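Student: First the structure, then my questions, so here it is.
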Amino acid sequence: MDIKVEREFIEGNNYAETFARNLLEKYFLNYPFVESIRVFFRGSKHPTKKIKLQARLKGKDIFVEASGADHDIALNKAVEKLRSQVEKYKTKHYKRA
């Protein structure tokens with residue numbers, strides 16, 4: 001699984017990128033049909049921070065967006081939304097025999 005992080009701001013440290021990678025790998029590394037996830041950080045100067053996730057599954061793209069007071073909170077919300085979408089995809093395409 002490939003994870004790409006895109007930010008509109010440049011920080012001295014890469015805490016947000018590391019946090020995003022660790023969180024996404026924790027939840028989605030075991031799904032073989034997840035090909036890649038792109039993370040977009042927005043709102044560095046705005047009081048509401050926004051995270052957009054684009055997940056590429058086999059044959060389908062899923063887009064998720066969440067906002068919060070902090071990028072960490074917004075990322076947690078977006079990951080929960082993405083988890084529900086991936087579970088729906090999994091139950092639809094990978095049924096048990």
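Student: Scan the chain and hand back the longest stretch that contains none of the chymotrypsin sites (Phe, Trp or Tyr not before Pro) lying in DSSP loops with at most 13 other Cβ atoms within 10 Å.
Tutor: 10-93
Student: Just tell me the longest site-free run in the chain, where the sites are GluC sites (Glu not before Pro) in a DSSP loop having at most 14 other beta-carbon atoms within 10 Å.
Tutor: Formally, the longest exposed-site-free interval is 12-97.
Student: Which angle between 0 and 90 degrees, to the nearest 10, do you get for helix 15-28 versus the longest principal axis of the chain when only C-alpha atoms count?
Tutor: Approximately 10 degrees, to the nearest 10.
Student: Another one. Among 75, 39, 93, which residue has its Cα furthest toward the positive end of the charge dipole of the chain, with +1 on Lys/Arg Cβ and -1 on Asp/Glu Cβ?
Tutor: Positive-most Cα among the choices belongs to 93.
Student: For region 1-63, what is the charge dipole size about the Cα centre, in debye to the nearest 20, if Lys and Arg each add +1 at the Cβ and Asp and Glu each add -1 at the Cβ?
Tutor: Charge dipole of region 1-63: 240 debye, to the nearest 20.
Student: Further question: So what is the 222 nm mean residue ellipticity for the chain from helices alone, if each DSSP H run of at least 4 adds -39500 (n - 2.57) and you divide by all residues, rounding to the nearest 500 deg cm²/dmol?
Tutor: -13000 deg cm²/dmol
Student: Turning to a different aspect of this structure: What angle, in degrees between 0 and 90 and rounded to the nearest 10, separates the Cα long axis of helix 71-93 from the longest principal axis of the Cα atoms of the chain?
Tutor: With rounding to tens, the tilt is 10 degrees.
Student: I need the phi-derived Karplus couplings for region 32-37: 6.51 cos²θ - 1.76 cosθ + 1.60, θ = phi - 60°, integer Hz, Gly and Pro marked x.
Tutor: x, 8, 7, 8, 7, 9
Readers should treat all values here as calculations from the given coordinates under stated rules, not as data from a laboratory. None of the values given here were measured: they were computed from a predicted structure. Virtual Cβ from ideal backbone geometry, glycine too; neighbours counted across all protein chains shown.
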